[in-house]
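Have a look at the structure below before the remarks.
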Amino acid sequence: MLLRRLKLTMPKPYRFPFAVLAVLALAFSVVRAQQAAPDAPKEDYVRAHYTKYEFRIPMRDGKRLFTAVYVPKDAALGPYPFLMDRTPYSVGPYGEDQYPRHLGPSEEFEKSGYIFVYQDVRGRWMSEGDFAEMRPHIDEKKSPQDVDDASDTYDTIEFLLKHVANNNGKVGIWGISYPGFYTSASIIDSHPALVAASPQAPMTDLFMGDDAYHGGAFMLSANFGFYNFFKPNHNPETPKPSVGFDFGTPDSYKFYLQAGNIDNLDKLYLKGSNWLFNDQAKHDTYDAYWQARDLSRHMKNVHCAVLVVGGWYDAEDLSGPYKTFNAIGKFNPETPTTLVEGPWVHGGWARGEGNRLGDVQFNSKTGEYFRANVQFPFFEHYLKGKGTAQPKAVVFETGTNVWRSFDAWPPKAAAAKTLYFHAGGKLNFDPPSETKGVDEYVSDPSHPVPFVGYTTDTVPQRYMVDDQRFASYRPDVAVYQTEPLEEDVTIAGPISPRLKVASSGTDSDYVVKLIDVYPENYPDPEDESHGNKRILDAPPLHMGGYQQLLRGEPFRARFRNSWEKPEPLTPGKEADIDFTMPDLFHTFRRGHRIMVQVQSSWFPLTDRNPQTFTDIPNARPEEFQKATEQLFRQKDAASGVEVLVLAKP
C-alpha cells in the first residue's frame, strides 16, 4: 500500500547578458563540431505504437469514472484483449496527447499488444463519487445505488466492449497493493468477459495482518508515513507537487517515542486533516468497520482464472495473498487459481532483478523469471489462447534458492512439528520433560526494542531479512536456538507460535521471530576486510553468525480470546498465546541453526503496548509501565513454535 516517491529538484533559472550568451553559443558550436554526432533518442514506444483515448464511463448510479485507454495502432494484428488496472493513485498523465513511458505489468505486454485500460477508482482524482477506504462489498444489490468495486468493474467492462473497437471480447485485470485489492474486488460476481485476473499483494483484511494491524498491534511507522502522503481528494482534481512531512529528525525511533501516544500524532501533526489515518488508528479492535472490509469472506462467484502473487518479505500486505488464494479455493473450488510467492518485498516482482535483499543473496534474477515465465504466459494463455495453464503453486524456496511447483499449498506432504523452548536457551523438536521451567525478562515501554539495528527515518523494506544480532544481545529479548543442524530442514507453510506466558502487567505484546543463524565460518562478501583495524569507511559486513530474520509477528495479549472483545491479563496468571504467522518456504541448511526470539516491543514498527489494560491510542504517560514477562517451558506448560516440515523427496 505504501508508495515510493521521488523528489524532483528543478535547477534555479539564471539570466545572462546577450553578449555572454553569444560567446557561449559560439564556443559550444565549435566543441560540438569536434565531437561525433550523438546517438538518436530512443523511440517513445508507447506513443509510437498506441493511440490514447479518455472516457468518463457512467456507472449504474450515474457517477462517471475517468478511464484512459491505450489502443494498439496496428489494427491488422487485432483483435486485442483488454488488460485493466484500477487505482486510487492516479492514472496520469492526463490528456489524450500525454503518454506514460510504459504500459502494462511489464515490457512483454506492450510489445505483445493489448488494449490497456487505466481507471481512477470512484472518488479519486478525476473520477466522480465519494471515496471509501476499501469500500465494503455488497453481496445483495437491491437498487442502482448499491454500488461497490465489483459493480464498477462490471459496468466498465460493459462500456469497453461496446465502445472500443477491435477487441476480442476478453478482459484481464491486474494490480499491486491497493490496486491489488481492486483486482480482487473486481472478480467477485465477475463479468462473463473477465477471464483472467492477477491480484498482487492484495490488501484483503487490513486488521488481520495487512497494512493496518498485525496481531492486534498497530503498524505505527508505516501507517503514519503512508497517510502523510495518501490524503482525501477534492475530486475532480489532478495530482499536484507536494512537500513531504518533516519529521525534524532522521531517527524515527526518537520521533515516535517523543510523540507519545497515537492520538498525539493527529493532535500535533495531522491536526484532523486526514480522516483516513484516524479511521485506521481509532478502530483498534476487529469491529464492524474492519469486518465489513474483509474481502476474503466475499470471494464468491469468481469465474475467471486467478494468479495470486505475493512476496515472502512483503512488509505491507504479507497475509493478503494467502487469504485471497484460500478464499477463492474455498468458495470456488473449480476456478483455476495459482499462488506465486518469491523472495520479494512489496511489489518487488514488478521491477528489478530480484536477486538480493539487504545482505541476503538469492543467486538468480527471480523478478525477471516471474515476469517472463509466469505472469506473461498466464495472461497470454487466458486472453490469447497461447501456451498452457500454470500449476497450483509456483514458489521460490529460499535457503536453497530454487523455484518449485506444487499441486497444493501448503504442500500435502508437509507435516506439523513443534520447536520447543528449553533451559539454557536451547531449541529442538523434543517436548520438555522438566516439571518446572520458566524464563523471564523485563519489558520497559520507555525503552522499547527497536525493529532494526540502525538509524532509519522509514520502514526499510530490507528489515524483513535483517541481521538480528543487535536484538539477541538485549536483556529484554528471550533467545532460543538449536545446535548446528546435521541435515537440511525445510519448512513450507504457516508458522504458529504456541506460548505459555504470564505477566506482571494487565496487557502485553509478544513478538515472535523465526531466524536462520549462519555458521560462524560462513564466508564474507569478497570485498570485505578480515581483521584489519584500519576501517575508515562503512563497517565491513561479516556473515559468520548472521541472524537472518525469516518471519516475525507481534501478538497483543488482550486479543488472546477474542478479536472483538479484548480482555486484560491477570497479573502472574498463566495464559495461552496462540497465533499464526504468514507462510514461508525456507530450507535451513546443514550447519545452520534455527533460532526463535521472543520480545514485547518492536518499535516503531508497531505501537507501544503500555502494559496496562487501557485505551492504547489515548494512553497517558503514567500508564506506560514496566512489566516482567515469563515464558514457561515445562512438561505441563510447554512453549514453542509449530512449523510444517517438508521431508526430502
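The values are calculated or read from the model by the stated rules, or taken from the named source; none is laboratory data. What you are looking at is a predicted structure, and each value in this text was computed from that prediction instead of being measured. Counting neighbours? That spans all protein chains shown, and the Cβs are built from the backbone with ideal geometry, glycine included. Ligands, DNA and RNA are excluded from the accessible area calculation, which covers all protein heavy atoms including side chains. Shrake-Rupley method; radii C 1.70, N 1.55, O 1.52, S 1.80 Å.
Restricting attention to the stretch 71-91, and to residues there that are of a type in the set (A, V, I, L, M, F, W, C) and crowded, with 19+ Cβ neighbours inside 10 Å, which single residue is nearest to residue 176 (Cα to Cα)?
84
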Q | the stretch 607-618 - residue that is surrounded by fewer than 21 Cβ atoms within 10 Å (Cβ to Cβ) and not β-branched (Val, Ile, Thr) and, of those, farthest from residue 221 (Cα to Cα) | A | 613
Q: Residue by residue through the stretch 151-175, note down the ones that are open to solvent by 10 Å² or more (accessible area, probe 1.4 Å), hydrophobic (A, V, I, L, M, F, W, C) and touching an Asp or Glu at 6+ places or on another chain (Cβ under 9 Å).
A: 174
Q. Applying the selection to the stretch 140-165, what residues are assigned to a loop (DSSP other than H, G, I, E, B) and within 19 Å of residue 199 (Cβ to Cβ)?
A. 148
Q.
So in the stretch 223-236, with the set limited to residues that are open to solvent by less than 20 Å² (accessible area, probe 1.4 Å) and among the hydrophobic types (A, V, I, L, M, F, W, C), which one is farthest from residue 510 (Cα to Cα)?
A. 230
**Q.** Given (1) of a type in the set (Val, Ile, Thr); (2) out of contact with any strand residue (DSSP E or B) (no Cβ under 9 Å at 6 or more places or on another chain); (3) surrounded by fewer than 19 Cβ atoms within 10 Å (Cβ to Cβ), number of the condition residue 438 does not satisfy
**A.** (2)
Q: Please determine, by comparing only the residues of the stretch 344-359 that are under 19 Å from residue 315 (Cβ atoms) and charged (D, E, K, R), which one is most open to solvent (accessible area, probe 1.4 Å).
A: 356
Q. What residue, among those in the stretch 456-468 that are open to solvent by less than 50 Å² (accessible area, probe 1.4 Å) and not hydrophobic (A, V, I, L, M, F, W, C), is nearest to residue 543 (Cα to Cα)?
A. 467
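From 590, 558, grab the single residue that is out of contact with any strand residue (DSSP E or B) (no Cβ under 7 Å at 6 or more places or on another chain) and buried (at least 22 other Cβ atoms within 10 Å of the Cβ).
After applying the criteria, what remains is 558.
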**Q.** Restricting the stretch 237-291 to residues that are over 22 Å from the mean Cα position of the chain (by Cα), among the hydrophobic types (A, V, I, L, M, F, W, C) and within 16 Å of residue 133 (Cβ to Cβ), the residue that is surrounded by the most Cβ atoms within 10 Å (Cβ to Cβ)
**A.** 270
Q | Any chance residue 493 is touching a strand residue (DSSP E or B) at 6+ places or on another chain (Cβ under 6 Å), on the phi > 0 side of the Ramachandran plot, at pLDDT 95 or above and not in a loop (DSSP other than H, G, I, E, B) | A | yes
Q. Got a sec? Which helices (runs of 4 or more DSSP H) wholly within the stretch 189-283 have at least 3 residues that are modelled with pLDDT of 95 or more and not polar (S, T, N, Q)?
A. 220-227, 252-259, 262-265
Q: Identify, by number, the condition in (1) closer than 23 Å to residue 493 by Cα; (2) surrounded by fewer than 17 Cβ atoms within 10 Å (Cβ to Cβ); (3) over 24 Å from the mean Cα position of the chain (by Cα) that residue 526 doesn't meet.
A: (1)
Q) Mind checking which residues of the stretch 479-516 are in contact with a helix residue (DSSP H, G or I) (Cβ under 9 Å, 6 or more places away or on another chain) and open to solvent by 10 Å² or more (accessible area, probe 1.4 Å)? A) 479, 481, 494, 506
**Q.** All positions within the stretch 360-375 that are over 16 Å from residue 395 (Cα atoms) and open to solvent by 40 Å² or more (accessible area, probe 1.4 Å)
**A.** 361
Q) So residue 333 clears everything in (1) within 16 Å of residue 391 (Cα to Cα); (2) out of contact with any strand residue (DSSP E or B) (no Cβ under 8 Å at 6 or more places or on another chain); (3) open to solvent by less than 10 Å² (accessible area, probe 1.4 Å) except one condition, right? Which one? A) (3)
**Q.** Failed criterion for residue 94 (all others in (1) within 23 Å of residue 152 (Cβ to Cβ); (2) open to solvent by less than 30 Å² (accessible area, probe 1.4 Å); (3) of a type outside the set (D, E, K, R) hold)
**A.** (2)
Q) If the Cβ limit is 8 Å and pairs must be 6+ apart or interchain, which residue in the stretch 77-102 that is at positive phi pairs with which residue that is of a type in the set (Asp, Glu)? A) 90/120; 95/54
Q) In the stretch 166-188, what residues are in a helix (DSSP H, G or I) and hydroxyl-bearing (Ser, Thr, Tyr)? A) 178, 182, 183, 184, 186
